[in-house]
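*Asks:* If you scroll down you'll find the structure; I have some questions about it.
FYI, it's all coordinate maths here, none of it is from the lab. Just so we're clear, the structure is a prediction, and the values are computed from it rather than from any experiment. Here the Cβ positions follow ideal geometry from the backbone for every residue, glycine too, while neighbour counts run over all protein chains shown.
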Amino acid sequence: MLFTQVTLINRILIPRIEFEMNPTGSLCANNWARSSSLVPPGNGLQTNLSLDPSSFFGVGIETPFKEINQPSPTQCVIPGESKKDVKITDQETSKLQDWDPSAMLNNLSFLEEKIHQLQDVVHMIVNKKFQPFEQPRELVTQEQQLITADLTSIIVQLISTAGSLLPSVRNTVANTSPLIGQLSQLRGINLPFGTGTSSGIQPQNNCENKLFDHSIQNDVPNKCEMEQNHNMEEHEHKDEEDMEEGENLPPGSYEILQLEKEEILAPHTHFCTICGKGFKRDANLRMHMRGHGDEYKTPAALAKPHKETGSEPKLIKRYSCPYGGCKRNKDHKKFQPLKTILCVKNHYKRTHCDKSYTCSRCHTKKFSVIADLKTHEKHCGKDKWLCSCGTTFSRKDKLFGHIALFQGHTPAIPLEENKGLAEPPDRCDAKENSTMVGSMNFCFGSNPSSENGIDNMMDVKGNIDDPINYFSSLNFEGCNFGAFNEFSQPPFEDSDSSFSFLMSGSFNYAPKSGGESCSDNL
Amino acid sequence: MNPTKPRCNFNSPSLFRSLTKPKSTQIQNINILFFIFIYLFIELMLSESVFCLLTEDLLIRILDRVNSDRKSLRLVCKEFHRVESTTRKTIRILRIEFLLGLLQKYCNIESLDLSVCPRIDDGAVSVLLSHGSVNWTRRIKRLVLSRATGLGYVGLEMLIRACPLLEAVDVSHCCGYGDREASALSCAVRLRELNMDKCLGVTDIGLAKIAVGCSKLESLSLKWCLEISDLGIDLLSKKCLELKFLDVSYLKVTSESLRSIASLLKLEVFIMVGCYLVDDVGLRFLEKGCPLLKAIDVSRCNCVSPSGLLSVISGHEGLEQMDARYCLSELSAPLINGLKNLNHLNIIRINGVRVSDFILQIIGTNCKSLVELGLSKCIGVTNMGIMQVVSGCGNLKTLDLTCCRSITDVAISTIANSCPNLACLKLESCDMVTEVGLYQLGLSCLMLEELDLTDCSGVNDIALKYISRCSELVRLKLGLCTNISDIGLAHIACNCTKLTELDLYRCVRIGDDGLAALATGCNKLTMLNLSYCNRMTDTGLKCISNLGELSDLELRAIPNITSIGIKAVAINCKRLANLDLKHCEKINDSGFWALAFYAQNLLQINMSYCNVSDHVLCLLMSNLKRLQDAKLVHLTNVTVQGLELALRSCCGRIKKVKLQSSLRFSISSEILETFNARGCKIRWD
């Protein structure tokens, strides 16, 4: 159970925002209905649902389609599903159409309904005030809380619906009312009357879901693979995304927003209304605006626009990734929301986009976020801290922590300076070799047709070359000890750098190429 | 070490010599009696050697009784030689070419010292190890490779892998050593003692290698291994839990390191001189850690304050030694009071600290068991303070009062009266001390072994007469005591026969007569400084040449000595290792020629401003196989070509050369590169 009532309701009521049909949702709603029997009648939701079943269906059905469609925008289409594909595009285009008057009418009638409802509630409060001591005090306070919660939810709905009337407002909802966990739970009371109808609808939906599930099934393992890959790659970046893992907000205590792919990838998010120039930051836009006239130079114009709303407790905003099947997508079973728009952008680029930035030093590591590349380039090549077990570390203290932890592990002195002839390649070296071989095999197994495959081939070359260098230079060193051993060091240097790059390369590549080969097979 | 052939039969002249010549007076009386007995016995028997009848056990016992002069003993007879060879455990090699033969002869060597052996290198090691049946390395437990800069990591690893029982290694002052060498050292898994002072290239990686490889390490010195940081120390204290001695002097470690070190449960001695990043926070870690700590040295740690030191003291009641030289500006009373609880405290060194009579009084009353007190360059030391401190510390053996200029004879008399066991007294620059104070010293402190009176202008011949009563004196420094003459020196020479070190720097009234007395009386002298004693001539130098043990001789700027005197020294002083002849302009080629041929043990020579020619310089540099350090500044008769030739001839062995900076660009760069590559340092003057 990932979505609570509040989000559910929000979605039902606001057609612009994608709705998702969750079979367990109604179950929960029933539970809440039972627990909150104190709630007065006159809930307008029922009417709303019955009034506007078409929009409900439309949205409800829409999502599963999206689920199929989105996992592989760049990948080949599942064979035999072309018909559905067309259908999906139809749906999408219809959705893209700006506004239709009938929906607006619906919304208006809903507003009206809501205002009535509000009146009822106020009436009830007034009635309650006349008989304050009839019930135990606790109950009274509880009821009062319920009522206020109800009230707030209704107001929220009002505002959001009213907001949706404006055609310019899309995807984002100006939701400013205070919705905290406790209150939002109580919001469940809105639904019980709707269940009558919705339960009737749901079986249908379930059927459809099942149907789609079947069609998706082919796709599923692939998605899992992908996801694993992403995880593998992602664990390198220690950023906000990972930090967030432990956040554990109760589902529903936050509002979920989902940006479109195009929006995420757009270089600029703030545009000048006068000249159309784009900016990454609002502050920069405001600075820019000063050039357009004196009216933009006032302190009010230059101040942060959203500051004044901060005094009121806001609903926490969380973001969902538009990529279906992604853990960050709200349809995922173990959905983990993203904290900020920046997180969304970085996440989407890192996980669902091509890695177009290649490190100019090692030519191996690729990144989709330029900041990641810059971070990597700071450390690339130098400071490769290597343990005798073959593990590499980017930081010395990490290596030392590793050595302190494991018995018998020692830091490996870079190969260029590896110790002399008397020692046969010992346990550690053997291990290193074996890992290299492993990665080699893997590289061969992958599909060399792709760009990555070619890279892998290059890797393999490096792999083959290196041990030779290593041993030959060792021999050289061995013969040469004695007289002028000070002079015999330079030959090693090249082999070292290529080796360290190889280690990192093979480690990072193996899983990735595996994933790609799978997708190619499909 | 000169290998001698075993004599076939009894060698009575040799024994006689060992008994009669003053050289062997170290042999204790009981041994002499024993020898005489044997000698007479053999004289009676005439034909057979009695030692054939004695078992090896008994012979070994006899040898054990003779502590120091095993060399002359070896010459006595075949049996002695054989037993001496089998029981010898330590060997110090002067020249690598003898090593193999010596190792074959002495088959039970456990400690091998190659520190004075020039340019032992990887090739030499491989030859030594590959030499057939010789498995001499099987028993080696201690290896001294100090300053063996010629040895690379390949040779080092071969050597260490060949010695399975190795327990102690000294690679101090091998400046070029780095992680690879450290990794070679880490092959010695039984290693318990390791000295890596000034292995400049060793980083945390190298230390980690050693920490993981040699987990039984008990003693480790990392002084001046400047690359080592907190990380390395942290790992060390996690891996080497047996550590008892640790020296991290001059490392750039912070208090974090002390947090790690505090976890070493067996640590007894911790030295951290000049760790300027460590502060009181670090010392507080030590308060709770290292339960067995006995000695701590926080000298020159600028960030340490008395309160930090107090926290260490309060945590360790068993502390025996505390060094806080040049790190505290002032001693605080709480710190001194804290010393009260330390019943075992023997040694306090607080050089350079401001003290007061009150502080010294507390030390005197609280630290009754004090054996050594260092107050060198302390500000505020007065007669009263000294009197108060010594009245409490009657067991003092070492007292350092260098540069405590305000103390007078009164203080010296009190010291003499209160501390009858005094063995070492340093009074450098205490120029208010006169014969009056030293009179009392000569009366009471008969155990005195070391006396430093450098720059005490109050010392005269009478004072020397009083001092000469201290017949146990081993080291005497009289530099810049311009008032002493041959008469005073004769007193010393007559009575202080154990003297090994004498400094007469700029004692301008000393002449040949004094030296003649010295040469007959103090025949154990090994170090003699006569620089700027410009009255001495070749006659005095000839007398000096009788000092057979002499190893260090400084004759700087003595205008009257010539080649004749130097030749005598070169021929007779076989052990001569360091010779300073700077500004001795009357010495010509024949003198240096003699040095080139006779002074084969010479390690360092300073011949700047000397009149030596191309030819002889070249001869000297190529012929002296042990030479490691030569100062060759302002040689007016030497051409650039001659100098180049000389440098080429010694290129394989020499470690340090000092040259005139004006020659920097005239000497061929190829030579300089070769020198650099061989690890030889060139200093430009």
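*Asks:* About the Cα centre of chain B, what is the dipole size in debye to 20, counting +1 per Lys and Arg Cβ and -1 per Asp and Glu Cβ, all else neutral?
*Replies:* On the way: 78 positive and 68 negative charges, 313 e Å.
Here chain B has a charge dipole of around 1500 debye.
*Asks:* Let me check I've understood the local charge: for B:Ser111, count other residues with C-beta under 12 angstrom from its C-beta, Lys and Arg +1, Asp and Glu -1. What total comes out? Mind dumping the intermediate values first?
*Replies:* On the way: positive: B:Arg88, B:Lys89, B:Arg92, B:Arg139, B:Lys141, B:Arg142; negative: B:Glu110, B:Asp113, B:Glu167, B:Asp170, B:Glu193.
Once positives and negatives cancel, what remains is +1.
*Asks:* Continuing with the same structure: In the stretch A:246-285, which GluC sites (Glu not before Pro) fall in coil by DSSP and have 15 or fewer other Cβ atoms within 10 Å?
*Replies:* Those satisfying the criteria are A:Glu247, A:Glu260.
*Asks:* Mean residue ellipticity at 222 nm from the helices of chain B, using -39,500 (n - 2.57) per DSSP H segment of n ≥ 4 over the full residue count, to the nearest 500 deg cm²/dmol? Before the final figure, lay out each step's value.
*Replies:* On the way: 28 runs with 259 residues, N = 685.
Value at 222 nm, helices only, nearest 500: -11000 deg cm²/dmol.
*Asks:* How do B:Glu167, B:Glu97 line up, fewest other C-beta atoms within 10 Å first?
*Replies:* On the way: B:Glu167 19, B:Glu97 11.
Lowest count first: B:Glu97, B:Glu167.
*Asks:* When a footprinting reagent is the concern and you count Cβ atoms within 10 Å, what order do A:Ser394, A:Ser320, A:Ser356 take, fewest first? Walk me through the numbers on the way to the answer.
*Replies:* Values: A:Ser394 16, A:Ser320 21, A:Ser356 11.
Exposure proxy ranking, most exposed first: A:Ser356, A:Ser394, A:Ser320.
*Asks:* Local charge sum around B:Leu241 (other residues, Cβ-Cβ under 12 Å, Lys/Arg +1, Asp/Glu -1)?
*Replies:* Working: positive: B:Lys216, B:Lys238, B:Lys239, B:Lys244, B:Lys266; negative: B:Glu218, B:Glu242.
That sum, taken over residues with Cβ under 12 Å, equals +3.
*Asks:* A further question follows. What whole-number value in cubic angstrom gives the convex hull volume per residue for the C-alpha atoms of the stretch B:511-624?
*Replies:* Looking at the stretch B:511-624, the number lands at 71 Å³ per residue.
*Asks:* Going by the alpha-carbon gyration tensor, a ≥ b ≥ c the square roots of its eigenvalues, is the stretch B:511-573 rounded (a/c under 1.5) or, if a/c is not under 1.5, prolate (a/b greater than b/c) versus oblate?
*Replies:* Working: a/c = 1.44, a/b = 1.28, b/c = 1.13.
Since a/c stays below 1.5, the shape of the stretch B:511-573 is classed as rounded.
*Asks:* Amide H of B:Gly201 versus every other amide H placed in the peptide plane: which residues, excluding those fewer than 5 positions away on the same chain, fall under 5 Å?
*Replies:* B:Tyr177
*Asks:* May I ask you to sort A:Ile274, A:Ile147, B:Ile313 by Cβ crowding, counting other Cβ atoms within 10 Å and putting the fewest first? Intermediate results must be reported in sequence, preceding the final value.
*Replies:* Working: A:Ile274 12, A:Ile147 19, B:Ile313 25.
If I rank by nearby Cβ atoms, fewest first, I get A:Ile274, A:Ile147, B:Ile313.
*Asks:* For the stretch B:98-188, what mean projected area does the convex hull of the alpha carbons give, in nm²?
*Replies:* On the way: hull surface 20.4 nm².
The orientation-averaged projected area of the Cα hull of the stretch B:98-188 comes to 5.1 nm².
*Asks:* Once a ≥ b ≥ c are taken as the square roots of the eigenvalues of the Cα gyration tensor of chain B, is the result rounded (a/c under 1.5), prolate (a/b larger than b/c) or oblate (a/b not larger than b/c)? Kindly include the intermediate steps, with their values, before the conclusion.
*Replies:* Details: a/c = 1.30, a/b = 1.12, b/c = 1.16.
Taking the square roots of the gyration eigenvalues as a ≥ b ≥ c, chain B is rounded.
*Asks:* Here's a follow-up. Which residues' amide hydrogens lie under 5 Å from the amide hydrogen of A:Leu386, considering only partners 5 or more residues apart or on another chain, with H built in the peptide plane?
*Replies:* Residues meeting the amide H criterion: A:Phe393, A:Ala412.
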